[in-house]
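Here is the structure we will look at.
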Amino acid sequence: MQNPYFPYPVRIDEVITETEDKNLKTFKFVFLDPGDEKKFAYTPGQFGELSVTGKGEIPIGIASSPTEKGFVKFTVNKVGVVSTALHNMVPGDIMGIRGPMGNWYPWERMRGKNIVIVGGGFAFTTLRSSIVWLLDPANRKNYGDIHVIYGARSPGMLLYRDELMEWERRDDIHMHITVDRADTPDWKYNVGFVPAVTEAKAPPGDADTFAIVCGPPIMIKFTQPVLDKLGYSHDQIIMSLENRMKCGIGMCGRCNIGMEFVCKDGPVFTLNQLKKTPREY
Amino acid sequence: MRDLKIAKTDWAKGVEKLFGPYRVFGPKKEGLFHNFARLEKGEAPDFSCKNTRLSAKGLIYPQTEKMFEYTLDPNKPDHHVHKEPVKDYSPMAVLGIRPCDAKAFTLVKLNFDTPEYKDPYWIKNYAAATFVGLACDAPCHACFCTSAGTGPYDTAGLDVLLADAGDFFLAKVLTEKGEKLVAAAGWAGAGDAGAFEAKAKAAGDKVVSKVNTAKLAGKVTNDLHAAPFWEDLAFACINCGTCTYLCPTCWCFDIQDEVCGTEGCRLKNWDSCMYPLFTMHGTGHNPRGEKAQRVRQRFMHKLKYFVDKYGAGIHCVGCGRCVTACPVNIDIRRVAEIMNGYEPGKDCAV
Amino acid sequence: MKGLLEHMGIEPGRLHFSWISSAESTKFVDVVSQVTESVKALGPAQNFIKREPKVA
Amino acid sequence: MNAMTDKIRQIARRLLEEGKVDMVVGFRKGTVPMMSEPCFIKDSARVDALVWDGNCGINLANYLTRRKERMAVVAKGCDTRNIVTHIIENQIRREQVYIIGVPCQGMIDKRKVKNLADGEVLSVEEKDGKVVVTAGGGEKSFDRTALLQDNCAICHHKNPALSDELAGELVRENPDVDRYEDVRKVEAMGAAEKWKFFDELLSTCIRCYACRNACPLCYCPTCFVDESKPQWVGKGQDPTDTRTFHFLRAFHCAGRCTDCGSCERACPMGIPVRQFTKKLEKDAKELFGWEAGMTLDARPPLDTFRPDDPGAFIK
């Protein structure tokens, strides 16, 4: 019997400090047993449990794309016991990863459609995974227009800045990067909150367009009416939730919203699905 | 299935024979109350209590259980790598479990043994156990098993069911596992199915406490969730975990790492939806930060979410433990009644 | 504090309180010697030590 | 219906009708024998739900903190002392509570009744100092005094320490009763014997925290056992962790505990958890002459310094 609680042992290969407040770091992990990498086959939108031996586990969205081989990447915000311990670790350290867990963005349903990705703050991790995956030549041809609206408090708080710039230069993806305030004079992109930029830049909703929304509750709260106004059907607004989790496999009982477990039945839900469940997230 | 008749003297001799092929567990008085405990050779299970204070769930799902162990000593090979500890999954005989507690395992199984994931600790323990049930001829006044999907003579989840008939037990052997145990104990006298049925009928009639749950499945989740009565129902609650820890069907747990020196382990501990920390995010945000939200979660889970998710009735076997042990008398029977009768917009007395 | 710990079964002599000013070096030496002596006399503590969490 | 219940309803109705308070916190009849359930009443038409009997052992002071309403509360002697402590510790404002004081004859110990009854207890009636217990095996009558909770049997302060209105005649106090016989028994033991005594006492603890949560003194937003940064104590069933929880919980009640017995009453496993708090309560009395919650006008010993504070333990 396979033990779903068993973390695959991994080695930290690289640690990248992402933001100017140093609270967000991206960790690149390599599996000690290459066979485990195959078992960890994932799809953008899924998450894993990072297991710092001796401290505990935290559920974190997978930031790398399945098209990137030989490693997995997670971007972690420093908030609690485990994430703090993780931030103190260095390349070469051994720890564990469990997963992949949860469902993913509905790539099959969205095949042939336009996709608008709306993200804010450090909730951009699985969105990075999605964008890298979408831009892979094998996948890009299967989807229509791609818009990305991504905002952070300031330019220094944007994740994956080099990649954002690279995507800006491409013509097969429409990037709308924004910051709440630009504190550097050379900022040449948008200034303003994500909902406002969405209203100005996102294409109108129709049967062929899906929106993927992932961000802090306040952003979601104000983005939703904008998408309504643009005519997006609630069945085509895709959201990714976060709740406190332990097991990640729908057993420990804490992350439920109604009868659904965010860890197993989610974290990805359509707005339509969410409207039928109690708002406990 | 077949019927047996076991004289009490043969019962005692048979139990003696089980030590060896089985680890034997049965009710034992510890402090003020009876609980299930591992019995030593020569010890007999104590059938004098109506039911154990804690349910039998701890036998299969201990309150604290080791999942993994590891070393943090960098000089040792495979440091920081989790290893499964060696555990005893040899056969266990559970003697004198009440039908409600046995039925509860079949509900908990839905959570730990799913098509996608299997909890190996629970599953291996459960597979190791042979359950010898003891039917209830004198149900407690707070028992409402017959309206919670089971009953004093229910055989669900059992391998053998005993009924006390004075000098002897009438028994039903229900499964292959049960046959093995009966053979190991050497019980063979032919039984009396008619007498068994008559006792079962009489016992069922003695369960006077009932709950109505028929309309729960038809309710709209968000209506019940938004119902006005939760604040009132939750007022007395002190947020202890008594109800959930005593409950045979509650399965929620926490995962904790503990380190002593350079050696550590990962533990699975019972947890309770009554505790504020249960759902607290790292950021401090808490979707169920208020007492009323947590009380609502407990009852919504038992009486609505579970009903909808599995279509296997309510997540409760009517053992009455939470009813009698709650320090402030929050009574699931009353809550079920209110939820079952609730219509949005209509006034409802709490 | 001392009262309840000892009431619970921690041996008297394992817990000491003292008020020593930074100027009282000799008192500090005296107290430390006294404490170590009394603890040595008791030997290693047997209670209230968690070597490995107890599990079922 | 007893006179006390009548009087409580009368007062509650008046207070609500006059708009003096927004809610009355009291007890209503429970759904199982020997259980009265804490409840609140906001509508004067519903005051008839309120009751008073020997099953009101839960301390209602526990329900007053972190609320905005003006509340009337039904409180026995020990409860009023906890309300005084709450006021001293700035958990509630004096003007926010209207205390309906209940001179108390002691609460019935449901475990004693269960042990003495013949079979399963079906109903319990109190009448003229007698308690009639109807059980599966028949009816039995007991002297009320024989069934009291341990803490009630040795109570020195049955009458309210502070109240706005009484729901009955003051009762005779019994200041001569020996409160600390059991503590002295433990004090007389050797260290190893004491250790064993408490090990056995706690052996059935399931860490449900009913004792802590039933206690009005435990109002910290996050209890030390729940802290994760740092984590002070393991969360499993390890006896060291269990004992750490119990003795530290007791320390947090030092000089504040009124021996109301809520903790012991709430324990689902019947553990005499008062053995921890009582030692500190005895020390507070013997070392500082302090009994918690007797007056609003004195600061508790642990937040004051007096030159004559006992200091023999400091070298």
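Results, tabulated for the structure shown:
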item	result
Residues within region B:43-58 that are within 14 Å of chain C (Cβ to nearest Cβ) and either buried (at least 23 other Cβ atoms within 10 Å of the Cβ) or in contact with a Pro (Cβ under 7 Å, 6 or more places away or on another chain) (or both), tallied	3
Boolean, B:K346 is assigned to a loop (DSSP other than H, G, I, E, B) and either over 21 Å from D:C267 (Cβ atoms) or touching a Cys at 6+ places or on another chain (Cβ under 9 Å) (or both)	yes
Flag if D:T85 is more than 30 Å from D:G136 (Cα to Cα) and in contact with a Lys or Arg (Cβ under 7 Å, 6 or more places away or on another chain)	yes
Every residue from region D:1-54 that is open to solvent by less than 10 Å² (accessible area, probe 1.4 Å) and among the polar types (S, T, N, Q)	D:T5, D:S36
Residue count for region B:295-312, restricted to those that are touching a Phe, Trp or Tyr at 6+ places or on another chain (Cβ under 8 Å) and under 26 Å from B:I60 (Cα atoms)	1
Residue in region B:336-348 that is within 14 Å of chain D (Cβ to nearest Cβ) and under 22 Å from the mean Cα position of the chain (by Cα) present	yes
Lone unmet requirement of (1) part of a loop (DSSP other than H, G, I, E, B); (2) at the interface with chain A (Cβ under 9 Å from one of its Cβ atoms); (3) closer than 21 Å to B:T64 by Cβ for B:H281	(3)
Residue in region D:193-202 that is in contact with a Ser or Thr (Cβ under 9 Å, 6 or more places away or on another chain) and surrounded by 12 or more Cβ atoms within 10 Å (Cβ to Cβ) present	yes
Some residue of region B:7-20 being exposed (fewer than 15 other Cβ atoms within 10 Å of the Cβ), assigned to a loop (DSSP other than H, G, I, E, B) and assigned by TED's automatic domain parsing to the domain that holds B:L161	yes
Residue ranges of helices (runs of 4 or more DSSP H) in region A:23-118 with at least 3 members more than 13 Å from chain B (Cβ to nearest Cβ) and open to solvent by 30 Å² or more (accessible area, probe 1.4 Å)	A:34-39
Test for D:E37: is it within 14 Å of another protein chain (Cβ to nearest Cβ), part of a loop (DSSP other than H, G, I, E, B) and within 26 Å of D:R212 (Cβ to Cβ)	no
Among the residues listed as B:N222, B:N239, B:N212, the single one being part of a loop (DSSP other than H, G, I, E, B), more than 23 Å from D:Y63 (Cα to Cα) and of a type in the set (S, T, N, Q)	B:N212
Pairs, first assigned to a helix (DSSP H, G or I) in region A:143-163, second open to solvent by 20 Å² or more (accessible area, probe 1.4 Å) and not aromatic (F, W, Y), C-beta under 6 Å, six or more apart	A:P155/A:T184; A:G156/A:E20
Qualifying residue in region A:113-129 (condition: in contact with a Pro (Cβ under 9 Å, 6 or more places away or on another chain) and closer than 19 Å to A:K38 by Cα)	yes
Considering residues of region A:223-281 that are farther than 18 Å from A:A211 by Cβ and among the aromatic types (F, W, Y) only, the residue modelled with the highest pLDDT	A:F261
Of all residues making up region A:173-185, the number that are of a type outside the set (V, I, T), outside any strand (DSSP E or B) and surrounded by 13 or more Cβ atoms within 10 Å (Cβ to Cβ)	2
Residue count for region B:246-265, restricted to those that are more than 8 Å from chain A (Cβ to nearest Cβ), within 30 Å of B:H79 (Cα to Cα) and touching a residue at least 40 places away in the same chain (Cβ under 8 Å)	3
All strands (runs of 3 or more DSSP E) inside region D:75-140 with 1 or more residues being in the same structural domain as D:D22 (by TED's automatic domain parsing) and open to solvent by less than 10 Å² (accessible area, probe 1.4 Å)	D:97-102
Selection from region A:221-237 of residues that are surrounded by fewer than 23 Cβ atoms within 10 Å (Cβ to Cβ) and not in a loop (DSSP other than H, G, I, E, B)	A:K221, A:F222, A:Q224, A:P225, A:V226, A:D228, A:K229
Those residues of region D:271-303 which are open to solvent by 20 Å² or more (accessible area, probe 1.4 Å) and assigned to a loop (DSSP other than H, G, I, E, B), in sequence order	D:P272, D:G289, D:W290, D:E291, D:M294, D:T295, D:L296, D:D297, D:A298, D:R299, D:P300
Residue count, region B:64-89 (criterion: touching a Phe, Trp or Tyr at 6+ places or on another chain (Cβ under 9 Å) and either surrounded by fewer than 17 Cβ atoms within 10 Å (Cβ to Cβ) or not assigned by TED's automatic domain parsing to the domain that holds B:L174 (or both))	6
All positions within region B:31-42 that are within 12 Å of chain D (Cβ to nearest Cβ) and either among the hydrophobic types (A, V, I, L, M, F, W, C) or open to solvent by 70 Å² or more (accessible area, probe 1.4 Å) (or both)	B:L32, B:F33, B:A37
Criterion violated by B:P27 - all others in (1) at pLDDT 95 or above; (2) open to solvent by 20 Å² or more (accessible area, probe 1.4 Å); (3) touching a Phe, Trp or Tyr at 6+ places or on another chain (Cβ under 8 Å) satisfied	(2)
Hits in region D:159-192 (condition: closer than 17 Å to D:E281 by Cα, open to solvent by 40 Å² or more (accessible area, probe 1.4 Å) and of a type in the set (K, R))	D:R184, D:K185
Which listed residue, of D:R172, D:R207, is in a loop (DSSP other than H, G, I, E, B) and on the phi > 0 side of the Ramachandran plot	D:R207
Whichever residue in region B:284-328 is basic (K, R), closer than 25 Å to D:F224 by Cα and open to solvent by less than 30 Å² (accessible area, probe 1.4 Å) and, among such residues, is nearest to the other protein chains (Cβ to nearest Cβ)	B:R288
Cross-chain or 6+ apart pairs with Cβ under 6 Å, region A:225-254 first and within 30 Å of B:L277 (Cα to Cα), then open to solvent by 40 Å² or more (accessible area, probe 1.4 Å) and part of a strand (DSSP E or B)	A:M245/A:P59; A:G248/A:P59
For A:R279: the one exception among (1) open to solvent by 20 Å² or more (accessible area, probe 1.4 Å); (2) touching a residue at least 24 places away in the same chain (Cβ under 8 Å)	(2)
Qualifying positions in region B:207-245 - within 13 Å of chain D (Cβ to nearest Cβ) and among the polar types (S, T, N, Q)	B:S209, B:N239, B:T242, B:T244
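The values are calculated or read from the model by the stated rules, or taken from the named source; none is laboratory data. Just so it is clear, the structure is predicted and the values come from calculations on it, not from any experiment. Neighbour counts are summed over all protein chains in view; Cβ atoms, including those assigned to glycine, are modelled from backbone coordinates with ideal geometry. Note: areas computed on protein heavy atoms with side chains; ligands, DNA, RNA excluded. Shrake-Rupley method; radii C 1.70, N 1.55, O 1.52, S 1.80 Å.
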